[in-house]
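Heads up, the thing below is written out as C-alpha cells.
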Amino acid sequence: MSDPGSVLEGVRVLDFGRYIAGPYCAALLADLGADVIRIERVGGGEDRWVAPVAEDGVGAMYLVMNRNKRAMTLDPACPEGREIVRKLVATADVVVANLPPEVLRSLALDLESLRRVKADIILTTVTAFGAGGPWSGKHGFDGIGQVMCGSAYLTGTPDQPLRAAVPWVDCGTASLAAFGTLAALMARRQTGRGQKVEGALLRTAIAFNNPTLVEQQVVQVDRVATVNRGQTSAPSDLFRTKDGWILALAIGEPMFRRWAKLMGEDQWLTDPRFKDDLARGDHGELISRRMCEWTAERTTVEALAELEAARIAAGPLYSPQQALEDAHIRAASLLVDTQYPGLSRPAPLAPTPVDLSETPGRFRHRAPTLGEHTDEILTQLGYRAAEIGELRARNVI
C-alpha cells in the first residue's frame, strides 16, 4: 500500500492507538509511505466519534489522525482475535500503542510478547507520566501535562490559570514518538534488533517548557501569569485594533529600535528601563500600553502594514473560520480539502507538517470507514471468505 520511492516504503505499522498521541504518530509514518493498519474494536473506538462532522457521527479528530491508513475491526482479547493479532505482528515492523502497560501485557502487545512472534519488532508506546516515578502507572491526558509543567500557571492571570485549547502536549508527543520510531528503524538497519520507543505526555511538556524551569531553578525569578504579555522581551502582546486584534513582538535591540522609532518614542532608546530584552520584559506593561494606544488608531490591515514596513514581527488574531479563509494558508497548501463519505463539505486536512524537498510526505487517501479493509487484510493473512464470515458472525471482527 506504500508508494514507490516513499521513505517508509515496505514498512508495516500496526496502530492500536487511540485519540491523538498514538494515532497521530502512526499517521505521520503513514504520510511517509508506511502501510499503517488501524486496528479498532468492533463497533468503533471512542476516538472515532469526537467532534462529529459526518452523517454517521465520525468526528473531526478521527479524520485528521487516520489519513493514509487502512483499517480493520477486531476484538484482540478473545482467542481468535489474539491469533489474528499474532499473524499481523508476524508481518509487521512497528506496533504503535498508546495504552497503559498493564493493558499492553493483557493483549500480548508488550515488547517481550511481541518479540516472541517477531524478534526484531519495534514497539512504540506513549504513557501519561513516563517510567521511573511514583506516578508512572497513572492515566492522563494532554491537559495534565500542560498544568504539571508550569505552562498553564504562566498563562492567563494569577487568579485564572489557563490551559491551551490546542492539544500541544499530545501532538508534540506524537511527533516525538514518530521521530523515535524513525530512529529505531535506522538502528535496526545497523544492528538487526528492534527496541521499545516510549514517549510520555509529561516528558514532552517538561521538555518544551524547559527554559522556564532552568530560569526558575537558577535565578529563582518566580514569574506569574501576565495574560498574553511576554516576560523576557517587549513589546510582546496581543493588541486590539479598530476592527480586531494583532500579535506583535520585538525581540533584540535592532527590532526594538525600529519599534521605538515607529512609536515616536526615540527617547526610550536611552532609557535604562529598556536597556535590553529582559529589562523591557520587566517593564512590558508600560510598553504594551503604548502599543495599545498606537493600534487603537488603526485597523488590523493598517497596523500590520506599518509593522511589516518596519520589519517587526506581527500577525492577525484569527477565529477558526478566518484561519480557513486566509490567503496564505490556502496558497501555501497548509490545508487540503478532502472528501469523506457523509460530509456536507470537504474536510480541510493539514498535510505532513514538515516538508522534504525530495521525499515529501503524501496524502494518498482519506481516513478509512469503520472496518473498511478488514476483509482485505484478513485475506492477505490467509483467511478464506468463509472463515472471515464466521469471525464476523461471532463478533471477532
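So, in region 145-193, how many residues would count as being over 25 Å from Pro353 (Cβ atoms), of a type in the set (Ser, Thr, Tyr) and out of contact with any helix residue (DSSP H, G or I) (no Cβ under 8 Å at 6 or more places or on another chain)?
Matching residues across region 145-193 total 2.
Counting only residues that are of a type in the set (D, E, K, R) and at pLDDT below 95, which one in region 347-391 is surrounded by the fewest Cβ atoms within 10 Å (Cβ to Cβ)?
Glu358
Of the residues that sit in region 253-309 and are small (Gly, Ala, Ser) and out of contact with any helix residue (DSSP H, G or I) (no Cβ under 8 Å at 6 or more places or on another chain), which one is nearest to Asp243 (Cα to Cα)? I'd like the intermediate steps shown before the answer.
The initial filter retains those residues of region 253-309 that are small (Gly, Ala, Ser), namely 260, 264, 279, 281, 284, 288, 296, 303, 305, 309.
Retained after the next criterion (residues that are out of contact with any helix residue (DSSP H, G or I) (no Cβ under 8 Å at 6 or more places or on another chain)): 264, 281, 284, 288, 296, 305, 309.
Values: Gly264: 23, Gly281: 27, Gly284: 24, Ser288: 18, Ala296: 9, Ala305: 15, Ala309: 20 Å.
The extreme case among them is Ala296.
Every residue in region 116-152 that is over 18 Å from Ala225 (Cβ atoms), of a type in the set (A, V, I, L, M, F, W, C) and either surrounded by 17 or more Cβ atoms within 10 Å (Cβ to Cβ) or over 19 Å from the mean Cα position of the chain (by Cα) (or both), please. I'd like the intermediate steps shown before the answer.
Pass one, region 116-152, residues over 18 Å from Ala225 (Cβ atoms): 116-142, 144.
Restricting the remaining residues to those that are of a type in the set (A, V, I, L, M, F, W, C) gives 117, 119, 121-123, 126, 128-129, 131, 135, 141, 144.
Listed by number, the residues that qualify are Val117, Ala119, Ile121, Ile122, Leu123, Val126, Ala128, Phe129, Ala131, Trp135, Ile144.
Is there any pair linking a residue in region 248-270 that is without any contact (Cβ under 8 Å) to a residue 24 or more places away in the chain to one that is part of a strand (DSSP E or B) and crowded, with 16+ Cβ neighbours inside 10 Å, with Cβ under 9 Å and at least six apart or on different chains, and which?
From residues that are without any contact (Cβ under 8 Å) to a residue 24 or more places away in the chain, there are no pairs.
Look at Ile122 and say whether it is in contact with a Phe, Trp or Tyr (Cβ under 6 Å, 6 or more places away or on another chain) and touching a residue at least 12 places away in the same chain (Cβ under 8 Å).
no
I'd like to check something: does region 241-258 contain any residue that is crowded, with 20+ Cβ neighbours inside 10 Å, under 20 Å from Asn228 (Cβ atoms), of a type in the set (S, T, N, Q) and touching a Pro at 6+ places or on another chain (Cβ under 7 Å)? Before the answer, list the steps.
First, the residues of region 241-258 that are crowded, with 20+ Cβ neighbours inside 10 Å: 241, 246, 248, 250, 256.
Now narrow it down to the ones that are under 20 Å from Asn228 (Cβ atoms): 241, 246, 248, 250, 256.
In the following step, the residues that additionally are of a type in the set (S, T, N, Q) were identified as 241.
Now narrow it down to the ones that are touching a Pro at 6+ places or on another chain (Cβ under 7 Å): none.
Scanning region 241-258 turns up no residue that is crowded, with 20+ Cβ neighbours inside 10 Å, under 20 Å from Asn228 (Cβ atoms), of a type in the set (S, T, N, Q) and touching a Pro at 6+ places or on another chain (Cβ under 7 Å).
What helices (runs of 4 or more DSSP H), lying completely within region 153-224, carry at least 1 residues that are buried (at least 16 other Cβ atoms within 10 Å of the Cβ) and without any contact (Cβ under 8 Å) to a residue 40 or more places away in the chain?
Values: elements: 168-191, 201-208, 210-219.
Result: 168-191.
Take region 101-117 and flag every residue that is part of a loop (DSSP other than H, G, I, E, B) and either among the small types (Gly, Ala, Ser) or more than 24 Å from Tyr24 (Cβ to Cβ) (or both).
Result: Ala108, single match.
Look at Leu247 and say whether it is over 27 Å from Arg163 (Cα atoms) and not in a loop (DSSP other than H, G, I, E, B).
No.
The values are calculated or read from the model by the stated rules, or taken from the named source; none is laboratory data. A quick note: this is a predicted structure, and the numbers were derived from the prediction, not measured. Methodologically, a virtual Cβ is constructed for each residue, glycine included, from the backbone with ideal geometry; neighbour enumeration extends over all protein chains shown.
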